[in-house]
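To start, the structure itself, in structure tokens.
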């Protein structure tokens, strides 16, 4: 039994030249190694003293709420020309996806550059990606044991990330627990887009790389053409099915075998109709059915089960059970379920939504002092004349907190809507839109009569207007 032609397990890596703690990489100081995979090593880093900017003089971006970052360093020296081209192409894909498909459920790409390291020839000319720093990975959580209350939330977060990727025209192509990162609040962020491919129509082409345990049956037989192997969103759905089983079965695969190749043989037997799908009895009935749909043996049988439809099923099931850790209630719960059911970009099911009501926007008597027209950065949504739920945008309850579904009011807005505005807050939470525009400015707006709550906050990246408005009292200081 051999892997598909040209396939290489992406977990292999040569780490012969690790950077020591204290080593400076442009504006960052290495503090340790996070991990290695493929042709890269990821380091933890903090801002270097005295050099907070890029070479063009602009401030280096920082992830919201943290000054620590992860540096993904991809050496190009010492490889054969074909391998070097693959590394450069992998980095290009990550940068392109980070620039065009940013989303709260995808790890943020903050900067990229080529490393000048004459003191370390093996790393001189390496490509460096500066990314958000996560607190850990789903693999680490699986090894430690996933709390029952967290399982649905984690899987829903993965679905959200995949739904946005697929909606944006990308396939991840290497979904696995190592590439599902977790923030300090255990919110999900998909990562490692080195094999991600942009689709042309229904499919794209990726290099013949991947992780054997997460390949669908058709991938083991896929021909290797000039452009690579054909990949479609259903490959990510298959990998999601494996991950769902692992979350509920203490990390175990649904396919037997002592090695990835042996498990791959079992996948092919199942895909050929010669063996049934046998899942661990620890997987509850709802999740067993969901995983079974994800693990349908052919692309055609799997294709109807999109990330958005799976997310809707999860939201409906959790709503029927009255769960999401039993703490969602009132308007916040309604906002979470409505957002999840519509597959809205930026949704999350991460933290206690009751906290979303902890901030009360300032009340303003009298008439509003300005008007703001809503802008959607996604061109396809700007061209629509109907109010498609997937093109709706959320307004926040609290401008100082992460712009996610547990901080979104039930009312939605669409491109072209005009909102009455009271005031503006210049130093709120940082928000990045689909066009990679970032801002910390927020506008306090009024909702249509009868809305609950009557007011909300619109991030500045959701409008191209810059009205003259007074400053809002800061929610923390009142000034």
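Would you tally the residues in region 8-40 being out of contact with any helix residue (DSSP H, G or I) (no Cβ under 7 Å at 6 or more places or on another chain) and modelled with pLDDT under 50?
Total satisfying the criteria: 8.
Any residue that is on the phi < 0 side of the Ramachandran plot, outside any helix (DSSP H, G or I) and surrounded by 24 or more Cβ atoms within 10 Å (Cβ to Cβ) - is there at least one of those in region 158-170?
Looking for residues that are on the phi < 0 side of the Ramachandran plot, outside any helix (DSSP H, G or I) and surrounded by 24 or more Cβ atoms within 10 Å (Cβ to Cβ), one finds at least one in region 158-170, hence yes.
Can you name the strands (runs of 3 or more DSSP E) wholly within region 369-444 that have at least 3 residues being surrounded by fewer than 19 Cβ atoms within 10 Å (Cβ to Cβ)? Can you show your working first?
Details: elements: 370-373, 393-396, 408-413, 418-425.
Filter on region 369-444 gives 370-373.
Taking residue 300 and the conditions (1) in contact (Cβ under 8 Å) with a residue 40 or more places away in the chain; (2) outside any loop (DSSP other than H, G, I, E, B), which numbered condition does it fall short on, given that it satisfies the others?
(1)
Let me confirm something: among 135, 116, 144, 122, which residue is in contact (Cβ under 8 Å) with a residue 60 or more places away in the chain and surrounded by fewer than 18 Cβ atoms within 10 Å (Cβ to Cβ)?
From the options 135, 116, 144, 122, the qualifying one is 122.
Might you check whether a residue that is assigned to a loop (DSSP other than H, G, I, E, B), at pLDDT 80 or above, touching a strand residue (DSSP E or B) at 6+ places or on another chain (Cβ under 9 Å) and closer than 19 Å to residue 36 by Cβ occurs anywhere in region 87-106?
no
Can you tell me which residue within region 133-157, out of those that are touching a strand residue (DSSP E or B) at 6+ places or on another chain (Cβ under 7 Å), assigned to a helix (DSSP H, G or I) and closer than 22 Å to residue 36 by Cα, is modelled with the lowest pLDDT? Lay out the reasoning, then the answer.
Within region 133-157, the subset touching a strand residue (DSSP E or B) at 6+ places or on another chain (Cβ under 7 Å) is 133-138, 141, 154, 157.
Adding the requirement that they be assigned to a helix (DSSP H, G or I) leaves 138, 141, 154, 157.
Subsequent filtering for residues that are closer than 22 Å to residue 36 by Cα retains 138, 141.
Values: 138: 92, 141: 89.
The selected residue is 141.
How many residues are farther than 30 Å from residue 169 by Cα and at pLDDT 90 or above when one looks only at region 456-479?
Total satisfying the criteria: 1.
The values are calculated or read from the model by the stated rules, or taken from the named source; none is laboratory data. Please read these numbers as outputs of a predicted model, since none were measured by experiment. Cβ coordinates were reconstructed from backbone atoms using ideal geometry, including for glycine residues, and neighbour counts include every protein chain displayed.
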